[in-house]
Amino acid sequence: WLINLGTKGDHQQEAAAIAALVSGSSAKDVLGEGARRFRALPLSALREEDMNSNQDTSMYGRTVGAALGAVDSFISHSWQDDGPAKFAQLTAWGAKQRGVADGKEPLVWLDKACIDQDNVDANLAALPVFLSGCRSLVVLAGPTYATRLWYAAVAPRRARDASERSHRPSATGV
């Protein structure tokens with residue numbers, strides 16, 4: 001199965017295989033646990049002060065359980081970058097999303113909100129599954145973003161996904 005990683009296939013299965021390599025669990029177990037733990041934050045529940053630090057602000061209580069593939073976006077950022085600037089960018093992104101989704105409230109995966117702060121390790125093991133369970137990636141790239149290890153893990157995967165989507169024929173034939 002390792003040879004097939006990175007080829008076309010089920011994104012959650014691929015993510016579970018990667019998480020299994022890191023955690024030492026089986027891909028099936030990691031996928032099941034990731035699906036069970038997967039949560040989303042309605043963007044309207046996010047407050048500016050939530051973005052100021054990685055300290056727990058009880059955001060987990062504002063999240064809802066979600067199905068893999070049902071969350072609009074995975075939010076990737078650095079906690080060391082400016083909180084109000086990140087909040088402003090997310091707010092602008094959310095307004096655009098509501099405009100194209102008939103006013104539907106965007107659901108996002110944000111680490112501090114969607115990881116149970118009382119059980120961080122179990123959630124981190126499923127991080128690749130959480131990423132694959134989101135339909136898109138929003139990168140809030142401030143001055144320190146590219147220095148973070150997570151950037152190196154996220155960027156190549158999403159670049160490949162975007163490339164695949166751009167080469168697929170559209171429903172309109174354009």
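The values are calculated or read from the model by the stated rules, or taken from the named source; none is laboratory data. A quick note: this is a predicted structure, and the numbers were derived from the prediction, not measured. So basically every Cβ, Gly included, is an ideal-geometry build from the backbone, and we count neighbours across all protein chains shown. Each accessible area value is taken on the protein alone, full model and side chains, heavy atoms only, with ligands, DNA and RNA left out. Shrake-Rupley method; radii C 1.70, N 1.55, O 1.52, S 1.80 Å.
In the range 133-144, what residues are within 17 Å of L68 (Cβ to Cβ) and open to solvent by 20 Å² or more (accessible area, probe 1.4 Å)? Listed by number, the residues that qualify are R135, S136, L137. Of note, Y145 satisfies the criterion of being at pLDDT 80 or above and either among the aromatic types (F, W, Y) or in contact with a Pro (Cβ under 8 Å, 6 or more places away or on another chain) (or both). One residue stands out in the range 67-87 among those that are hydrophobic (A, V, I, L, M, F, W, C) and buried (at least 21 other Cβ atoms within 10 Å of the Cβ): the one that is nearest to the chain's Cα centre (by Cα), namely F74.
Within the range 95-114, being within 15 Å of the chain's Cα centre (by Cα) and either of a type outside the set (V, I, T) or over 21 Å from F130 (Cβ atoms) (or both) holds for P106, L107, W109, L110, D111, K112, A113, C114.
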